[in-house]
Amino acid sequence: MAVIDSYTVSLANRSIVTIRSAEEKDAAPLLELTAEGRFQLTAIDEFQITLEEEKTWIRYMAGESNSLILVADVGGEIIGMLDVHGGKKKRLRHTGTFGMSVRKDWRGQGVGSLLFNQLINWAALHPELEKLCLEVLAANHRAIRLYRKVGFSEEGRLLKQVRREDGSYTDLIQMGRFL
């Protein structure tokens with residue numbers, strides 16, 4: 001089972017944040033959080049996951065040994081999440097690809113770093129995972145700074161890979177970190 005023991009920490013703004021594994025009761029707030037992101041690859045009007053599909057995904061991820069969903073919770077309110085999908089193929093099981101979202105009003109306050117630190121701690125206890133991978137829009141400078149801060153480096157760049165609604169393009173950066 002890919003779950004963690006929850007832990008609580010105080011942010012610089014004195015908010016008490018609990019980092020824990022996602023539970024089925026988190027399905028609706030996780031859907032809202034995902035729909036908020038302007039730096040997601042899926043356009044908001046394309047995002048059509050049902051509540052039941054989200055619950056099924058949470059159950060599935062909890063049952064995978066090399067996958068995990070973490071949430072940052074403040075007083076019962078989900079303010080951030082990070083999910084890592086372990087490779088399914090035999091030759092890729094040592095890798096995990098992840099995504100992260102932090103609510104707009106909580107960005108820049110250390111929530112992403114807390115989620116990352118817990119991910120790294122969890123991955124260290126799962127020797128099956130040797131490398132973490134991600135893709136990030138080149139325009140997402142804040143996220144790129146965070147990823148570099150926690151040890152990720154650029155491994156590739158897909159030029160004009162993403163076309164925005166206004167017709168402009170942005171590169172998709174591939175980053176990795178060995179554990």
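Worth a mention:
- Restricting attention to the range 1-19, the residues that are part of a strand (DSSP E or B), β-branched (V, I, T) and either in contact with a Leu (Cβ under 9 Å, 6 or more places away or on another chain) or farther than 13 Å from G75 by Cα (or both) add up to 3.
- Of the residues A22, A12, A2, the single one that is over 27 Å from Q161 (Cβ atoms), of a type in the set (G, A, S), modelled with pLDDT under 90 and surrounded by 14 or more Cβ atoms within 10 Å (Cβ to Cβ) is A2.
- For first residues located in the range 142-162 and in contact (Cβ under 8 Å) with a residue 40 or more places away in the chain, partners that are acidic (D, E) and lie 6+ apart or on another chain with Cβ distances below 8 Å form the pairs V162/D171.
- Residue pairs meeting the criteria (Cβ under 6 Å; at least 6 apart or on separate chains; first within 16 Å of I4 (Cβ to Cβ), in the range 16-45; second acidic (D, E) and at pLDDT 95 or above): T18/D73
- Residues of the range 121-131 include none that is assigned to a helix (DSSP H, G or I), modelled with pLDDT under 95 and in contact with a helix residue (DSSP H, G or I) (Cβ under 9 Å, 6 or more places away or on another chain).
- The residue pairs whose first member lies in the range 81-107 and is farther than 18 Å from P127 by Cβ, whose second member is in a loop (DSSP other than H, G, I, E, B) and modelled with pLDDT under 90, and whose beta carbons are closer than 7 Å, counting only pairs six or more residues apart or on different chains, are S101/G37.
- Residues in the range 163-179 that are more than 23 Å from R107 (Cα to Cα), without any contact (Cβ under 8 Å) to a residue 40 or more places away in the chain and either in a strand (DSSP E or B) or in contact with a Leu (Cβ under 8 Å, 6 or more places away or on another chain) (or both): R163, Y169.
The values are calculated or read from the model by the stated rules, or taken from the named source; none is laboratory data. This one's a predicted model, so the numbers in the text were calculated from it and none came from an experiment. Counting neighbours? That spans all protein chains shown, and the Cβs are built from the backbone with ideal geometry, glycine included.
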